[in-house]
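None of the figures in this text is laboratory data; all of them are computed from the coordinates on show. Please read all numbers here as calculations on a predicted model, not as lab measurements. We place every Cβ from the backbone using ideal geometry, glycine too, and count neighbours over all the protein chains shown.
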Amino acid sequence: MYIFLFPLLVGFIFNCASAWTTFYSRRWGERRGSIVTVVLRDILGIPVWAIGFALAARAQSPLIFARTTVTNVAGIFLIVVGSAIIIVALVTIRSKAAAPSLKDGLVKSGAYARVRHPIHSGTFLEFAGLFLLRPIVPVAVACALGTIWIFFQSSLEESDLVQRIPAYREYMKEVPRFLPRRR
């Protein structure tokens, strides 16, 4: 029943290791450093932890609460909104998402004008939607671990971003991490 934990945690570890673009680039050169980051995140990180989530969702476990039309609609809504936020954020940062490098500049437009980590904000919504659609213990555990991982991952990324983009430190003071401020 808890076999999903292995790929989930291994994927999270690879994803966290991807947050050291500056270190890799200084050690092995900018191009290789960027490639290491991409491999760790996009090949070994995200796909592996996604397999962990898929295994958690497929696990046989009693429901924590009864699914209803309302929970199903809310779950689908949260996943769609979370996915839309992620897509908008990825379009905004373009190649910086695919292959971060020491030459990256600060992006303060689009979703990044409202929160520093809109991709992570969208992922939180997707986790909540997944839990509403499949309210079982393995999914609850995966979503809880995913939430903890996002907080850790964003801290690691910000440490790297401050080194790569000195203006990021001031940006951190101006823009909230995950939730936009009310205007």
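Check Asp42, Asp104 and return the single one that is within 18 Å of the chain's Cα centre (by Cα) and surrounded by 14 or more Cβ atoms within 10 Å (Cβ to Cβ).
Going through Asp42, Asp104 in turn, just one is within 18 Å of the chain's Cα centre (by Cα) and surrounded by 14 or more Cβ atoms within 10 Å (Cβ to Cβ): Asp42.
For region 103-135, enumerate the residues that are closer than 19 Å to Val162 by Cα, in contact (Cβ under 8 Å) with a residue 40 or more places away in the chain and β-branched (Val, Ile, Thr).
Val115
Quickly run through region 3-13 and pick out the residues that are part of a helix (DSSP H, G or I) and either touching a residue at least 60 places away in the same chain (Cβ under 8 Å) or buried (at least 20 other Cβ atoms within 10 Å of the Cβ) (or both).
Leu5, Leu8, Leu9, Gly11, Phe12
Need the failing condition index for Gln60 against (1) within 24 Å of Leu130 (Cα to Cα); (2) surrounded by 14 or more Cβ atoms within 10 Å (Cβ to Cβ), just the number.
(2)
If I filter region 64-101 down to residues being among the charged types (D, E, K, R) and part of a loop (DSSP other than H, G, I, E, B), which single residue comes out as surrounded by the most Cβ atoms within 10 Å (Cβ to Cβ)?
Result: Arg67.
Out of region 54-68, which residues are in contact with a Pro (Cβ under 9 Å, 6 or more places away or on another chain) and more than 19 Å from Met1 (Cα to Cα)?
Listed by number, the residues that qualify are Ala66, Arg67.
Mind listing whichever residues of region 6-47 are touching a Gly at 6+ places or on another chain (Cβ under 9 Å), among the hydrophobic types (A, V, I, L, M, F, W, C) and closer than 18 Å to Thr147 by Cα?
Listed by number, the residues that qualify are Phe6, Leu8, Leu9, Val10, Phe12, Ile13, Phe14, Cys16, Ala17, Ile46.
Scan region 136-159 for residues that are touching a residue at least 24 places away in the same chain (Cβ under 8 Å), among the aliphatic types (A, V, I, L, M) and closer than 29 Å to Val107 by Cα and report the count.
Taking region 136-159 first, the residues touching a residue at least 24 places away in the same chain (Cβ under 8 Å) are 136-142, 145-146, 149-150, 152-154, 156-159.
Subset that is among the aliphatic types (A, V, I, L, M): 136-137, 139-142, 145, 150, 156.
Within this subset, residues satisfying the condition of being closer than 29 Å to Val107 by Cα are 145, 150, 156.
Result for region 136-159: 3.
Table: residues versus (1) buried (at least 21 other Cβ atoms within 10 Å of the Cβ); (2) of a type outside the set (Asp, Glu).
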site: Ser109; (1), (2): no, yes
site: Glu126; (1), (2): yes, no
site: Gly129; (1), (2): yes, yes
site: Val137; (1), (2): no, yes
site: Val141; (1), (2): no, yes
site: Phe152; (1), (2): no, yes
site: Ser155; (1), (2): no, yes
site: Ser159; (1), (2): no, yes
site: Pro166; (1), (2): no, yes
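Tally time: how many residues in region 6-27 are touching a helix residue (DSSP H, G or I) at 6+ places or on another chain (Cβ under 7 Å) and farther than 19 Å from Leu156 by Cβ?
So the answer is 1.
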